[in-house]
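Notes follow the structure.
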Ligand code: DGL
């Protein structure tokens, strides 16, 4: 059983990377849409909230592994979760600063994230440890995660607003310019086609989902779970929304395409 968790639908970008590597696994996808967006929460509030969701969901689903498919949470809550459940492996999602710094030719990279992730010591330590040779722009956006969420619910989104939010990622200096933008919020790959169309020049947008998926697969192999049977038909997984709102419109199709069916949330999770 693989439990994938995010504040909303962004974690589906990570789920989409894992599912093909482990097609016959049982999945529970948990979206804490009752409290979304996490990017604005004070750190102690976020730690307590994720802990209470995990208490309820781990008791109910008994997962073999938990994927925290949210940078805003992972950059803060992983030590607390690992201390509380030492027997369960937690795989987090943290800004892909290392590969971006490694592959950048101009040594100008940007990290696009929620205000929470931008403010974390964890993020600053990653930059110090892996990108000291680069100019790194840390760009916090309040709007992009809610815009991505609206887009996945089939609402129209405003190109001009998206262009405004990503503009600070694009910098020029001494004839060089930004060549890598780290998508450090799992919601952002949902808007990738918008970013590519609206970018002032082409850059590599770094989505960490494939690397996280490989890590999940590796940890499961290490723990003795047989390598995936790629011929097995995908099983129907569960999608849990803490708001209790019933999925409707395009979201229903989106879940169906990912072999997920909505299941009601444990009542303890309502805000
Ligand atoms: N998807 C989440 C992340 O990766 C955050 C979105 C939010 O709730 O603010 O950071």
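The values are calculated or read from the model by the stated rules, or taken from the named source; none is laboratory data. The shown structure was predicted, so the numbers you read here are calculated from the model rather than taken from an experiment. Backbone-built Cβ (ideal geometry, glycine too); neighbour counts: all protein chains shown.
For segment 155-169, indicate whether the set of residues that are assigned to a strand (DSSP E or B), surrounded by 20 or more Cβ atoms within 10 Å (Cβ to Cβ) and in contact (Cβ under 8 Å) with a residue 12 or more places away in the chain is non-empty. The answer is no; no qualifying residue exists.
Within segment 63-76, if we keep just the residues that are buried (at least 21 other Cβ atoms within 10 Å of the Cβ) and more than 14 Å from residue 30 (Cβ to Cβ), the residue that is farthest from the ligand (Cβ to nearest atom) turns out to be 76. The residue that is nearest to the ligand (Cβ to nearest atom), counting only those in segment 1-25 that are assigned to a strand (DSSP E or B) and over 21 Å from residue 246 (Cβ atoms), is 3.
Condition test on residue 204, is it in contact (Cβ under 8 Å) with a residue 12 or more places away in the chain and either on the phi > 0 side of the Ramachandran plot or over 21 Å from the mean Cα position of the chain (by Cα) (or both)? No; evaluated as a whole, the condition is false for this residue.
Restricting attention to segment 98-141, the residues that are under 18 Å from residue 174 (Cα atoms) and free of Cβ contacts under 8 Å to residues at least 60 places away in the same chain add up to 5. Taken together, the residues in segment 26-62 that are surrounded by fewer than 22 Cβ atoms within 10 Å (Cβ to Cβ) and either more than 14 Å from the ligand (Cβ to nearest atom) or on the phi > 0 side of the Ramachandran plot (or both) amount to 14.
Those helices (runs of 4 or more DSSP H) of segment 175-257 in which 1 or more residues are within 16 Å of the ligand (Cβ to nearest atom) and either closer than 16 Å to residue 99 by Cβ or modelled with pLDDT of 95 or more (or both) occupy 192-198, 209-222.
Here residue 117 meets each of (1) in a helix (DSSP H, G or I); (2) under 25 Å from residue 103 (Cβ atoms); (3) more than 10 Å from the ligand (Cβ to nearest atom) with one exception, condition (3).
Criterion first (outside any helix (DSSP H, G or I), free of Cβ contacts under 8 Å to residues at least 24 places away in the same chain and more than 16 Å from the ligand (Cβ to nearest atom)) does residue 83 satisfy it?
Values: outside any helix (DSSP H, G or I): no; free of Cβ contacts under 8 Å to residues at least 24 places away in the same chain: yes; more than 16 Å from the ligand (Cβ to nearest atom): yes.
So residue 83 fails the test.
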